[in-house]
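**Q** Just dropping this structure here.
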Amino acid sequence: MAVSERSRPSIFWPLAAIVVPVLGLIAKVTVRGDEKLPRQGAFVLAPNHYSEFDPLIIALAVFRTGRLPRFMAKESLFRVPVVGWVLRKSGMIPVARTSSASAAKQTMAQSRELVEHGRGVIVYPEGTLTRDPDLWPMRGKSGAVRLALTGDIPLIPVAHWGTQKIMGRYQKGLSLWPPRKPVHVLYGDPVDLSDLRGRAGEPGVLAEATDRLMAAITALLEELRGEQAPAQRWNPAQHGQNETGRLEP
């Protein structure tokens, strides 16, 4: 029987001892399809993103499976005292916000490290909170699929719904009453990228892979919400929005 990753002593123990009980008072998290998350070896987990509270929900869902929730984090955060130490000790992955050759080289190194250490990483393919007015997944970026393709790593889509009742998009502070608001998490089957393996450098391949990933996440969210998403995903650039969601001057 495989040993649970979280059973090994790590900085996650004191963090979980604080976060898990508190989160249990705030949200009642129901998870389905968690058997689709590999119990061993590397993986890239790609969730939807509409609230700044989302990472705690996804982290809990991953932690329950026996895996450790490691995220891609802004490179600049690793230079912050204390915060940077915690990020490094917990195995978080720094990501540069560029599309340069050096960034591509970094992706290769990150992929090799994941495979060598058998670790999973959580990557938000939208890169930020969705700008879709109804909180559907918007147009994705290539970071998650690039990492998966480069390292031949399983790419797992996951969707969740209910977090917006705890902390709405751009909301300051939490809505704590009533307690234990229901949040539902649904894992999907790995995205089939078999025909794209080894072709990450070809024109259009990353866009095709990203489209497949965003379609899978959207389908999961449709199931959770019992609604149909818009036929076309929201594209901030077409609506004059920048990375913060504000209108460009």
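The values are calculated or read from the model by the stated rules, or taken from the named source; none is laboratory data. Every value quoted in this text rests on a predicted model; they were computed, and no experiment measured them. As a convention, Cβ positions derive from the backbone with ideal geometry for all residues, glycine included, and neighbour counts pool all protein chains shown. Only protein heavy atoms, including side chains, enter the accessible area calculation; ligands, DNA and RNA are left aside. Shrake-Rupley method; radii C 1.70, N 1.55, O 1.52, S 1.80 Å.
**Q** Ignoring ligands, DNA and RNA, what percent of the accessible area of the chain is carbon or sulfur (1.4 Å)?
**A** Summing carbon and sulfur atoms, their accessible area is 58 percent of the total for the chain.
**Q** Just check segment 1-69 against the gyration tensor rule for me: Cα atoms, a ≥ b ≥ c as the square roots of the eigenvalues, rounded for a/c under 1.5, and otherwise prolate or oblate depending on whether a/b exceeds b/c.
**A** oblate
**Q** Starting from the Cα of S10, move 7 Å in the Cα-to-Cβ direction to define the label point; list residues of segment 29-62 whose amide nitrogen is under 15 Å from there.
**A** The answer is 38-45, 59-62, whose backbone nitrogens lie closer than 15 Å to the label point.
**Q** Find out how many positive minus negative residues lie around R233, taking Lys and Arg as positive, Asp and Glu as negative, among other residues whose Cβ is under 10 Å from that of R233.
**A** Net of charged neighbours comes to -2.
**Q** Also, I was wondering about something else. What accessible area per residue comes out for segment 1-67, rounded to a whole number of Å², with a 1.4 Å probe?
**A** Normalised by residue count, the accessible surface of segment 1-67 is 48 Å².
**Q** Considering only DSSP beta bridges whose two residues both sit in segment 46-203, what percent are antiparallel, to the nearest 5?
**A** That works out to approximately 40 percent antiparallel.
**Q** Sticking with this structure for a sec: Quote to one decimal, in nm, the extra length available between M108 and D189 on full extension: 0.36 nm per residue of separation minus the C-alpha distance between them.
**A** Length gained between M108 and D189: 26.7 nm.
**Q** Okay, next question. What is the local net charge at R67, summed over the other residues whose Cβ is closer than 13 Å to its Cβ (Lys, Arg +1; Asp, Glu -1)?
**A** Charge balance in the 13 Å sphere: +4.
**Q** Still on this structure, I have one more. Tell me, how many Å apart are the Cα centres for segment 114-147 and for segment 179-231?
**A** After rounding, the separation between the Cα centres reads 10 Å.
**Q** Check the straight Cα-Cα distances from K165 and name the lysines below 28 Å, setting aside those fewer than 8 residues away within the same chain.
**A** K28, K36, K74, K141, K181
**Q** What is the extension gain from K28 to V86, computed as 0.36 nm multiplied by their sequence separation minus the C-alpha to C-alpha distance, in nm to one decimal?
**A** 18.2 nm
**Q** Could you list the square roots of 5 times each eigenvalue of the Cα gyration tensor of segment 136-249, that is, the equivalent ellipsoid semi-axes, sorted largest first and rounded to whole Å?
**A** 29, 20, 13
**Q** With a ≥ b ≥ c the root eigenvalues of the C-alpha gyration tensor of the chain, is it rounded (a/c under 1.5), prolate (a/b larger than b/c) or oblate?
**A** rounded
**Q** Could you calculate the contour length gain from L174 to F78, that is, 0.36 nm times the residue separation minus the distance between their Cα atoms, to one decimal place in nm?
**A** Length difference between fully extended and current span is 31.9 nm.
**Q** Also, I was wondering about something else. Given a 1.4 angstrom probe, what's the average accessible area per residue across segment 155-247, in square angstrom?
**A** 55
**Q** Give the residue list of trypsin sites (Lys or Arg not before Pro) in segment 130-176 that are DSSP loop and have at most 15 other beta-carbon atoms within 10 angstrom.
**A** K172
**Q** Sorted by average packing, counted as other Cβ atoms within 10 angstrom per residue and highest first, what order do 39-52, 16-29, 180-193 take?
**A** Per-residue Cβ counts within 10 Å, averaged per peptide and sorted highest first, yield 39-52, 180-193, 16-29.
**Q** Moving on. Starting from the Cα of H117, move 7 Å in the Cα-to-Cβ direction to define the label point; list residues of segment 43-69 whose amide nitrogen is under 16 Å from there.
**A** Under 16 Å, as judged by backbone N against the label point of H117, lie 43-45, 67-69 of segment 43-69.
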